[in-house]
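To start, the structure under review is shown below, and the notes come after it.
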Amino acid sequence: MPRPGSKKPAKTTYQHTVPDAAGILAALELAGVPQSFDALVKHYKIKDEKGRKAILRQLKKLIAAGRLLKNRRDEYCLLAKMNALTGKVSGHPDGFGFFVPDDGSEDIFLPFHEMRSLLDGDRIAVRLGGTDRKGRRKGAVVEILERAKKSVVGTFHREHGIAYVTETASRTPHHFLVADADRGGADNGQLVKLEIIEYPSERREAQGKVVGVLGAPNDPGMLTTLAIESFGLRTEWPDTVTAEVKQWGAEVREADKAGRVDLRDTPLITIDGADARDFDDAVFAESSGNGWRLIVAIADVSHYVHVGNALDDEAGKRGTSTYFPDRVVPMLPEALSNGLCSLNPNVDRLCLVCEMKVSANGKVDKSKFYKAVMRSHARLTYSEVDLVVGQRDVQARKAFAEVLPHLEQLYKVYKAFEQARSRRGALDLDLPEVRITMGADNHSVETVAPIERNDAHRLIEECMIAANVQAAKFIRHHKQPNLYRVHPQPELDRFEELRLMLQELGFKVSAEARTQPRALNKVLEAMHVRPDFPILATSVLRTMSKAVYQPTNEGHFGLALDAYAHFTSPIRRYPDLLLHRGLSHIIEGGKPGAFAYKLPAMELLGKSCSVLERQAEAASRHVESRYKCIYILDHVGSEFNGVITGVTHFGLFVMLNDFFVEGLVHVTNLANDYYHAEHGGLRLTGEHSGHSFGLGDTVRVKVTKVDVEEARVDLQIVDNGSLPFGAGKKKRKKTGKKDGRKKTSAKSKVRRRKR
C-alpha cells in the first residue's frame, strides 16, 4: 500500500486494438498467402486471451459471411483469391448432387466423382469447372469447410461377414462400415444411431460406430424418433440450461413485476386449440369512441432468456419448436414454455403489450408498446368461442358471462379487420389443415380429419396480424436492426407456369396478378366453386416465393402489407424473441446504435432462423405423411371419393377427400388403352376409348397398397361414372376443323400390361 499523499504506481497494461473485418481482410491481402491463427495474432501483437478470443470471433464471422475459408492446414484464405464460392451440398440418391451457393445464385451441378467424399448438407467451397452435357454449371470441390453431421440414423445390416449401416431417408447413397467391436449389440434390420468415425473419401467408404440401438422399424413412436434423429433436431437440454431455468422458480417474483403497467384487473383471455399446452398471447377489446381499444398481450420471454446465456444459445440453435402428432420438440424447456412464460389462467405473468386504437373501418390509428404484468381471466378454445359468439349458444354464454361483453367486442374488431383485409386484397387461401389424433398409447393413429376453421380462429389470426404489423412499423420507425417477415412476390417463370395452367382450366389471370395480390385474389375467389379448390390454392401457394426472415424490409406479398414482423409467438419462434428484445430496448430508452445486435449479426440470424424453420417443417411433414399411411393401411381394399390433384404421363395423383391423403393411380391400373398426357400435363386421355381424366375431376378409388416407409399409397379407379369437369368422358370426335390450339401430347405412350 502506498503512503498517504504518495503517487500510485502506474498499472502495466498491454495496449492493442482488435482489428475489424476490413482490417483482417486487408492484412491477408497484404500477406499474399494463407495465414494461420497464430500468425495473425503475432501480426497484431495480441498477447492476452481476451484479444485472442476477439480476433477469433471476427474470423468466424468472415467465414460465415463467405469472405474467408479455413483450409485443412488450419490456415485462413481469401476466397476472392481462390475464385471460389461457399455453400451447402444437396445430394441426390443417384450419386450426383448440387452445390447451393450462400449468395443465392443458381445451383451448381456436382458430378458423381465430386460427391464421393461428400454428405448431404456438408458446407464446402467450390470452384466453377465449365458445364456438363446438359449445359449445367459444373463445380469442383476446393475444400470441405464443415461436415453437416457427426452422426446418422439408419438400418444395421450384416451380410457375408461385413457389417454396415445405410442411412434412413438419405439423399446420398453412402454405406457406413462398422467393425465387429463397434456394432453395439445391434442385430440385422434394427434401426441404430451411428457416430461417424471416418468420413467418406474418394478411395474409402465411410466408417462408424453404433452408439445406440433405437429398435425395430415398426416399434411404437419410431417414426418420430427417426425424424428427430434424421433431421438433426435437438432434444437434450445441457446442464447449464437446466440450471439457468431453475433459478427463476415456478412463480413470477415480486421484484420482476416492479415498474410494469398493472393489467391484472383487465379481463384478458387466451383463445387456443383444445390440445394447446403453451399460451403466449392474450387479447382484450372494449368500445372506444367510434372504434375500439384492442390489447394484444404477449408472454415476455425476453425477461427470462438473456442475450448470450446458455438458454439463449440453445434456443437459437433450435430456432423454433417442432410439432409432431405424438410429441413436441420445444424451443424452450417445459418449465418456461408450459410454465413461467405461459399465460395460464388466474396466475400473474409478465408480458409485452401492443395496445391499439382501431377505427370502425378496421384501421389501426394509434399504437403503443409497453411492459406489463397480467392475469388471464379465462382460457377458452376456438370451439367454445364459436359456440358463444358465432352460434350464440345459451349455455355457453352463461358459462362465460364474465368475459362475454369483451368477446362480443373482439368479434366486432375481427369483422372490421376482415373488411380491411378484403380492401387491401390479401390472399385468401384458407387451406384446410389436417389433425392426426393419436390413440391412448400415443403411438397408434386414431383419426385423420381436417381441422374445421371457424371465426374464432380468424379472430385471433387478425388480432395477431395487427400486432405484428405495428411491431414492424415500430422498429422501422426507430431504425433498429431486427428481423422482418418478408414474403416476396412470385418469381416470373414460376408465375407464368401457374398462369398457363389456370388459363387451361378456364381462369383468366392478368399479368398484374404477379405484383398485385388483389388481382390474384380475384382468381382465387373464382376457384372456390370447384371441388379441387384446396389443390388449386396449394398450386398458387407453391408458386409463391418462400417467406424468410431478414433485416431488410421488403413487405409481405401474401398479406398485402408493406411491413410485417413476427412478434406474437416468442415461446416457439426465435425471431419473435429477437423482436421482443428490440422492442424492450426501445421502450427502456435505448438508442438503436446501442442495441445488442448489429446489422451483419441480424443478417446471419435471419438466414439461420429461416433454415431452421424449413428444417422443422420438413421433419413435421415427413412424420405426418407416414402417420397418414399407417392410418390408411387399415383401409386397404376400401373405396373412397377423391379429387385428381396431379396428371403425369405415368398416372394420376388423387387426394382422398376424407383424409387429405394423396395416392397414385398408376397408368397400368387404368382401363386397357394407350394414354397420353395432354394440355400441358392437365389431362390424361385414352387413345382408343377416349376416356379422359383431368386436374380437378372427382373419382371413386380403391386403396390397393400402402408403403409406410416410402409414404406411398397406391390407388385404383373403380368408378368413372358421370363426373364433373369431364372426368371419364369420351373424347370429342374430330370434325376435320382445327381449333387453333397447339397439341401438347406427351411423346411417350404407356400400355397397360395384360394380367
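Laboratory data are not the source of any read-out in this text; all were calculated from the coordinates shown. For clarity, every value in this text was computed on a predicted model and none was experimentally measured. For neighbour counting, all protein chains shown are included, and Cβ atoms are generated from backbone atoms with ideal geometry for every residue, glycine included.
Remarks
- Taking 7 Å steps out from each Cα toward its Cβ at residue 383 and residue 452 produces label points 0.9 nm apart.
- Quarter of Cα convex hull surface for segment 199-264, i.e. mean projection, nm²: 10.3 nm²
- Two-decimal Rg/Rh across segment 21-79, once Rg and the Kirkwood Rh are taken from alpha-carbon atoms: 0.92
- Taking a Cβ cut-off of under 11 Å around residue 380, the surrounding Lys, Arg, Asp and Glu residues balance to a net charge of -2, with basic ones at +1 and acidic ones at -1.
- Using C-alpha pairs below 8 Å separated by at least 6 residues, the relative contact order for the chain is 8 percent.
- Where only alpha carbons of segment 17-142 are counted, the Rg and the Dmax (Å): 16.8, 55
- Prolate/oblate/rounded call for segment 151-217, Cα gyration tensor, a/c under 1.5 rounded: prolate
- Using 0.36 nm per residue and subtracting the Cα-Cα separation, the extra length available between residue 257 and residue 497 on full extension is 80.8 nm.
- Positive contributions from Lys and Arg (+1) and negative ones from Asp and Glu (-1), summed over other residues with Cβ under 13 Å from the Cβ of residue 393, come out at +1.
- Length gained on full extension, residue 155 to residue 133, computed as 0.36 nm times the residue gap minus the Cα-Cα distance: 4.3 nm.
- Dimensions in Å of segment 247-295 - Rg and Dmax from alpha carbons: 14.8, 47
- Here the convex hull built on the C-alpha positions of segment 499-607 has a volume of 140 cubic angstrom per residue.
- Applying a DSSP loop filter and a limit of 13 other Cβ atoms within 10 Å to the trypsin sites (Lys or Arg not before Pro) in segment 204-311 leaves 204, 253, 277.
- Computed [θ] at 222 nm, helices only, for the chain once each DSSP H run of length n ≥ 4 contributes -39500 (n - 2.57): -8500 deg cm²/dmol
- Segment 239-471: C-alpha gyration tensor shape, a/c 1.5 cut-off, then a/b vs b/c: oblate
- Between residue 584 and residue 275, the simple label model (points 7 Å from Cα in the Cβ direction) yields a spacing of 3.2 nm.
- Kirkwood estimate for segment 378-473, i.e. one over the average of 1/r between Cα atoms, Å: 15.6 Å
- Debye intensity ratio I(q)/I(0), log10, segment 83-146, q values 0.12, 0.14, 0.17 Å⁻¹ (C-alpha model): -0.23, -0.31, -0.47
- FRET E, pair residue 347, residue 96, Förster distance 45 Å, beta-carbon r, rounded to 0.05: 0.20
- Summing +1 for each Lys or Arg and -1 for each Asp or Glu among the other residues whose beta-carbon sits under 10 angstrom from that of residue 452 gives 0.
- Entries in 357/473; 50/317; 60/138; 415/546 that, when Cα-Cα distance is taken, lie over 18 Å: 50/317; 60/138; 415/546
- Computed E for residue 107/residue 398 - FRET, C-beta separation, R0 56 angstrom, nearest 0.05: 0.35
- Principal semi-axes in Å for segment 553-706 [√(5λ), Cα gyration tensor, largest first]: 50, 19, 12
- Here the ratio of the Cα radius of gyration of segment 410-563 to 2.2 N^0.38 Å is 1.20.
- Segment 84-188: Cα Rg divided by the 2.2 N^0.38 Å rule of thumb: 1.24
- Answer label for Cα Rg over 2.2 N^0.38 Å (calculated), chosen among (1) 1.09; (2) 1.02; (3) 0.97: (1)
- Alpha-carbon geometry of segment 492-544: the Rg and the Dmax are 10.0, 28 Å, given in that order.
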